[in-house]
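Here's the structure, in structure tokens; my notes come after.
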Amino acid sequence: MSLSPDEVKKIAFLARLSIQEEHVDQYSQDLSNIFGLVEQMNAAATDNIEPMAHPQDAMQRLRDDVVTETNQRDKLMANAPLKEDGLFLVPKVLD
């Protein structure tokens with residue numbers, strides 16, 4: 001598919017894009033090349049290909065789920081000016 005400079009201007013207008021007149025021909029060529037690539041990809045036979053979540057069939061290495069931090073709630077709450085039931089009390093922001 002080939003786009004004319006007038007079509008590029010119309011697309012730019014509809015997309016509310018400001019393009020300079022001297023760049024219209026280059027945009028026309030670049031967009032035409034992109035559409036040509038899309039047409040090539042659409043022509044590929046993909047009828048018997050199963051969709052994949054990711055192009056690489058790699059497994060993610062996971063570490064063991066082990067607790068590494070100790071509970072420091074009492075130590076941290078000791079510095080709080082206002083607290084209740086193990087929670088920080090903060091001033092009300094919204095009414």
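Looking at region 37-48, is at least one residue assigned to a helix (DSSP H, G or I), closer than 18 Å to Asp6 by Cβ and charged (D, E, K, R)? Can you show your working first?
In the first step, residues of region 37-48 are kept if they are assigned to a helix (DSSP H, G or I); the result is 37-43.
After this cut, where a residue has to be closer than 18 Å to Asp6 by Cβ as well, the list is none.
The answer is no, given that none of the residues of region 37-48 is assigned to a helix (DSSP H, G or I), closer than 18 Å to Asp6 by Cβ and charged (D, E, K, R).
One line per residue, one yes/no per condition, for (1) of a type in the set (A, V, I, L, M); (2) loosely packed, with under 10 Cβ neighbours inside 10 Å; (3) touching a Phe, Trp or Tyr at 6+ places or on another chain (Cβ under 9 Å); (4) at pLDDT below 90:
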{"residue": "Lys10", "(1), (2), (3), (4)": "no, no, no, no"}
{"residue": "Leu14", "(1), (2), (3), (4)": "yes, yes, no, no"}
{"residue": "Gln29", "(1), (2), (3), (4)": "no, no, no, no"}
{"residue": "Asn33", "(1), (2), (3), (4)": "no, no, no, no"}
{"residue": "Asn42", "(1), (2), (3), (4)": "no, yes, no, no"}
{"residue": "Glu50", "(1), (2), (3), (4)": "no, yes, no, yes"}
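Here are the criteria: (1) polar (S, T, N, Q); (2) part of a loop (DSSP other than H, G, I, E, B); (3) more than 23 Å from the chain's Cα centre (by Cα). Tell me which single one Gln56 does not satisfy.
The number of the failed condition is (3).
The values are calculated or read from the model by the stated rules, or taken from the named source; none is laboratory data. These figures come from a predicted structure and were not determined experimentally. So basically every Cβ, Gly included, is an ideal-geometry build from the backbone, and we count neighbours across all protein chains shown.
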